[in-house]
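**Student:** Okay, handing you the structure first.
What follows draws every value from the coordinates through simple rules; no lab data is involved. Worth saying up front: this structure is predicted, and the values here are computed from it rather than measured. No Cβ is skipped: glycine too gets one built from the backbone with ideal geometry, and neighbour counts run over all protein chains shown.
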Amino acid sequence: MEQLTQTIQSVPLNHYILFSSIIFAIGVIGVLIRRNAIVIFMSIELMLNAVNLLLAVFSVYHGDPAGQVFVFFVMALAAAEVAVGLAIIVMVYRNTHSIDINVLNRLKW
Amino acid sequence: MRVEQIIFYALAAMVLGSALLVVTIRNLVRSIFLFFVALISLSGLYIFASADFIAIAQIVIYVGGVLVLMLFAFLLSNKELLNNLSRPVNRLINISSLPGFLLASAFLFVLISAILNTEISWLGYVQQNHFQPGDNTVHNIGISIMTRYLLPFEAVSMFLMMALIGAAHLARKGQKI
């Protein structure tokens, strides 16, 4: 158990934070530059995963399992989001025969 | 450098590289399977943060559920893409995606400068480090779900059921919505 603690502590907290923010920024890039709806969904999943990792790490440092409980809530919300979003993508493909989101410009002002 | 640190940084590099490829590669099939690599490596990072139950849940939920759902959506949406897998890759940065890159890198710059300016070890619980590896077991997570966070848990379960019914209704064939 002591060795496990040392293993976790051998990676400083700052590196976790920097890593998570880089992953989050990659997700932002994916949402901004891609036009494929499925890739945009994967980028959103990447952002959620970055936040999840940071929640888990801070809960370990705090010695409190509440952070991990919230990771489960975020995972459940991500699963629901993907289910509904992919159903919407399938409907969009049936109606427009494309999943390029630039086709969906009818509500554009 | 200890061997655990080497494993950590190798996993982190795998996640970073595959995530970058997910958002930049042109082919959707490759991007979905690279997302698989990113999720598996990320579950290794969860194990490093001693959140082993979350690592298992990550594999079960994301790799077993979300990724298969994405493959289904891909198969239902564009069938032609599998035919031209060996198509030459377009330029990585074309002029239309330049504002997105700039905005995202500015965002990353703000985030990282804020992190570097913050003295993270100033936080009390990071300093005193009363972390015991036994604190984060499945036992404690289950107890705190069933006691302190029972209402959010039930709300999430209702929400999940509503979302699944809605998704099944949306994706149904036949009648128009």
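**Student:** Separation of segment B:147-164 and segment A:49-109 by C-alpha centroid, Å?
**Tutor:** Using only Cα atoms to place each centre, the spacing works out to 16 Å.
**Student:** A follow-up question, please. Which ordering of B:Met161, A:Met42 is given by a fewest-first count of other beta-carbon atoms within 10 Å? Each step should come with its number before you reach the end.
**Tutor:** Numbers: B:Met161 11, A:Met42 27.
Starting with the residue having the fewest Cβ neighbours, the order is B:Met161, A:Met42.
**Student:** Looking at the square roots a ≥ b ≥ c of the eigenvalues of the Cα gyration tensor of segment A:2-107, which shape do they give, rounded for a/c under 1.5, prolate if a/b is larger than b/c, or oblate? Please report the intermediate quantities before stating the final value.
**Tutor:** Numbers: a/c = 4.27, a/b = 2.33, b/c = 1.83.
It comes out prolate by the Cα gyration axes.
**Student:** Taking only Cα atoms, what is the 0 to 90° angle, nearest 10, from helix A:13-33's long axis to the longest principal axis of chain A?
**Tutor:** In chain A, helix A:13-33 runs at an angle near 0 degrees to the longest axis.
**Student:** Mind sorting A:Tyr16, A:Tyr93 by how few other Cβ atoms lie within 10 Å of their own Cβ, fewest first?
**Tutor:** Working: A:Tyr16 23, A:Tyr93 17.
By the 10 Å Cβ count, ascending: A:Tyr93, A:Tyr16.
**Student:** Another one. What does segment B:1-90 give for Rg and for Dmax, in Å, if only its C-alpha atoms count?
**Tutor:** Taking only Cα atoms of segment B:1-90, I get Rg and Dmax of 15.3, 48 Å.
**Student:** Can you figure out the FRET efficiency of B:Ile59 with B:Glu119, using R₀ = 35 Å and their beta-carbon distance, to the nearest 0.05? Please report the intermediate quantities before stating the final value.
**Tutor:** On the way: r = 35 Å, r/R0 = 1.01.
For B:Ile59 and B:Glu119, the calculated efficiency is 0.50.
**Student:** Further, regarding this structure: In segment A:31-57, which residues have a backbone nitrogen under 19 Å from the label point lying 7 Å from B:Leu102's Cα in the Cα-to-Cβ direction?
**Tutor:** A:31-34
**Student:** Another question, if that's okay. Going by how many other Cβ atoms sit within 10 Å of their own, how do B:Ser43, B:Ser97, B:Ser157 line up, fewest first? Write out the running numbers ahead of the final one.
**Tutor:** Numbers: B:Ser43 23, B:Ser97 17, B:Ser157 11.
Ordered by Cβ neighbours within 10 Å, fewest first: B:Ser157, B:Ser97, B:Ser43.
**Student:** May I pose another question? Please go through segment A:44-109 and write out the trypsin sites (Lys or Arg not before Pro) that DSSP classes as loop and that have at most 15 other C-beta atoms within 10 Å.
**Tutor:** Numbers: sites: A:Arg94, A:Arg106, A:Lys108; in loops: A:Arg106, A:Lys108.
Answer in residue order: A:Arg106, A:Lys108.
**Student:** Farthest toward the dipole's positive end in segment A:1-104, which of A:Ile22, A:Val71, A:Ser98, given Cβ charges of +1 (Lys, Arg) and -1 (Asp, Glu) about the Cα centre?
**Tutor:** A:Ser98
**Student:** Simple spin-label model, 7 Å along Cα-to-Cβ: B:Ala10 to A:Leu77 in nm?
**Tutor:** Placing both labels 7 Å beyond Cα along the Cβ direction yields 3.5 nm.
**Student:** Using each residue's phi in segment A:70-85, evaluate 6.51 cos²θ - 1.76 cosθ + 1.60 at θ = phi - 60° and report the 3J(HN,Hα) Karplus result to the nearest Hz, with x for Gly and Pro.
**Tutor:** 5, 4, 5, 4, 5, 5, 5, 5, 5, 5, 5, 4, 5, 4, 5, x
**Student:** What angle do you read, to the nearest 10 degrees and between 0 and 90, between the alpha-carbon axis of helix A:37-62 and the longest principal axis of chain A?
**Tutor:** On a 0 to 90 degree scale, this one is about 20.
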